[in-house]
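Q: I am attaching a structure below and will ask some questions about it afterwards.
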Amino acid sequence: MTKKKIILMASGSGSNVQQIYEYFKNSDAVEIAMIITNKQNAGVIARMEYAKIPILWIPKQYLNSEDFIELLKTADLIVLAGFLLKIPEQMAQVFDKKIINIHPSLLPKYGGKGMYGHFVHEAVIQNKEKESGITIHYVNQHYDEGQIIAQFQCEINDTDTPETLSKKIQNLEHLHFPKTIEMILMGV
Ligand code: GRF
């Protein structure tokens, strides 16, 4: 059986990339074919060196290039795990339902341009929300607006701060993102 290939794209520390890698590293059905980053000094590069997977740095202006699109076509699923650049419209069209993203809020709340990382958690705490969570969704050309695949919630209590909420959200991401990817790839 040929393995399903995942290409992971990340701009940050890569803790989700690592979780996904660890989840699938002994799988007979799924392989992480490549990690792509747009930041030359992204934490994900040093973090994932041990995995001996090709890591490619792609400057923003090449995102839409033909060669890059051809490279992405070798994957069954492209997973954005903290990838902060907007996916160009043409690319979103070519890869309709082939690119997924994880967002650290319950979309459509707290999504869109500028809503990433601590900005999300600060806004959620400021608004005294009683719950937050994560959203895994297909990517289209608009930030955080593609079809939702799965959401997972956590409670917020009075003592929570953006930092403690961020930890809860990260735990949810690490627990659910790899399993959700597996479900998508297996078509369940
Ligand atoms: C995650 O919170 C994810 O929701 C967001 O970017 C963050 C990436 O974190 N899209 P890490 O680099 O995987 O630690």
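Q: The conditions are (1) within 16 Å of the ligand (Cβ to nearest atom); (2) modelled with pLDDT under 95; (3) touching a Pro at 6+ places or on another chain (Cβ under 9 Å), and residue 87 fails exactly one of them. Which is it?
A: Going through the list (1) within 16 Å of the ligand (Cβ to nearest atom); (2) modelled with pLDDT under 95; (3) touching a Pro at 6+ places or on another chain (Cβ under 9 Å), residue 87 breaks only (3).
Q: Do we have any residue at all in segment 98-117 that's free of Cβ contacts under 8 Å to residues at least 40 places away in the same chain and more than 16 Å from the ligand (Cβ to nearest atom)?
A: yes
Q: May I pose another question? Do we have residue 63 as in contact with a Leu (Cβ under 7 Å, 6 or more places away or on another chain) and either away from the ligand (no atom under 15 Å from the Cβ) or aromatic (Phe, Trp, Tyr) (or both) here?
A: It is true that residue 63 is in contact with a Leu (Cβ under 7 Å, 6 or more places away or on another chain) and either away from the ligand (no atom under 15 Å from the Cβ) or aromatic (Phe, Trp, Tyr) (or both).
Q: Report, by residue number, each residue of segment 120-140 that is among the polar types (S, T, N, Q), within 22 Å of residue 180 (Cβ to Cβ) and part of a loop (DSSP other than H, G, I, E, B).
A: Matches in segment 120-140: 140 only.
Q: Same structure, new question: Where residues in segment 162-179 are of a type outside the set (D, E, K, R) and farther than 16 Å from residue 105 by Cβ, which of them is least open to solvent (accessible area, probe 1.4 Å)?
A: 178
Q: Another one. Across segment 153-171, what is the number of residues that are away from the ligand (no atom under 12 Å from the Cβ) and outside any loop (DSSP other than H, G, I, E, B)? Break it down stepwise before answering.
A: Looking only at segment 153-171, we keep the residues that are away from the ligand (no atom under 12 Å from the Cβ), and these are 153-164.
Going one step further and asking which of them are outside any loop (DSSP other than H, G, I, E, B), we end up with 153-155, 162-164.
Matching residues across segment 153-171 total 6.
Q: Now, a different point. In segment 60-97, how many residues are of a type in the set (Val, Ile, Thr), over 30 Å from residue 163 (Cα atoms) and free of Cβ contacts under 8 Å to residues at least 60 places away in the same chain? Write out each step before concluding.
A: Of all residues in segment 60-97, those of a type in the set (Val, Ile, Thr) come to 69, 74, 78-79, 87, 94.
Next, only the ones that are over 30 Å from residue 163 (Cα atoms) stay: 69, 74, 94.
Right, trim to free of Cβ contacts under 8 Å to residues at least 60 places away in the same chain and you get 69, 94.
Summing the residues that are of a type in the set (Val, Ile, Thr), over 30 Å from residue 163 (Cα atoms) and free of Cβ contacts under 8 Å to residues at least 60 places away in the same chain in segment 60-97 gives 2.
Q: Going residue by residue through segment 48-55, is there one that turns out to be open to solvent by 20 Å² or more (accessible area, probe 1.4 Å), among the aromatic types (Phe, Trp, Tyr), touching a Phe, Trp or Tyr at 6+ places or on another chain (Cβ under 8 Å) and free of Cβ contacts under 8 Å to residues at least 24 places away in the same chain? Let's see the steps before the verdict.
A: Initially, segment 48-55 is screened for residues open to solvent by 20 Å² or more (accessible area, probe 1.4 Å), giving 49-50, 52-55.
Now narrow it down to the ones that are among the aromatic types (Phe, Trp, Tyr): 50.
Then keep just the ones that are touching a Phe, Trp or Tyr at 6+ places or on another chain (Cβ under 8 Å); that gives none.
So far as segment 48-55 goes, no, none of its residues is open to solvent by 20 Å² or more (accessible area, probe 1.4 Å), among the aromatic types (Phe, Trp, Tyr), touching a Phe, Trp or Tyr at 6+ places or on another chain (Cβ under 8 Å) and free of Cβ contacts under 8 Å to residues at least 24 places away in the same chain.
Q: More than 19 Å from residue 187 (Cα to Cα), open to solvent by 80 Å² or more (accessible area, probe 1.4 Å) and more than 15 Å from the chain's Cα centre (by Cα), is that true of residue 60?
A: The answer is yes for residue 60.
Q: Where residues in segment 63-78 are in a loop (DSSP other than H, G, I, E, B) and modelled with pLDDT of 95 or more, which of them is least open to solvent (accessible area, probe 1.4 Å)?
A: The selected residue is 75.
Q: Moving on to the next point. Within segment 20-33, is there a residue that is in a strand (DSSP E or B), within 13 Å of the ligand (Cβ to nearest atom) and not polar (S, T, N, Q)?
A: no
The values are calculated or read from the model by the stated rules, or taken from the named source; none is laboratory data. All values reported here derive from a predicted model rather than from experimental measurement. Don't worry about glycine lacking a Cβ; one is built from the backbone with ideal geometry, like all the others, and counts go over all protein chains shown. Heavy atoms of the whole protein, side chains included, go into the accessibility calculation; ligands, DNA and RNA do not. Shrake-Rupley method; radii C 1.70, N 1.55, O 1.52, S 1.80 Å.
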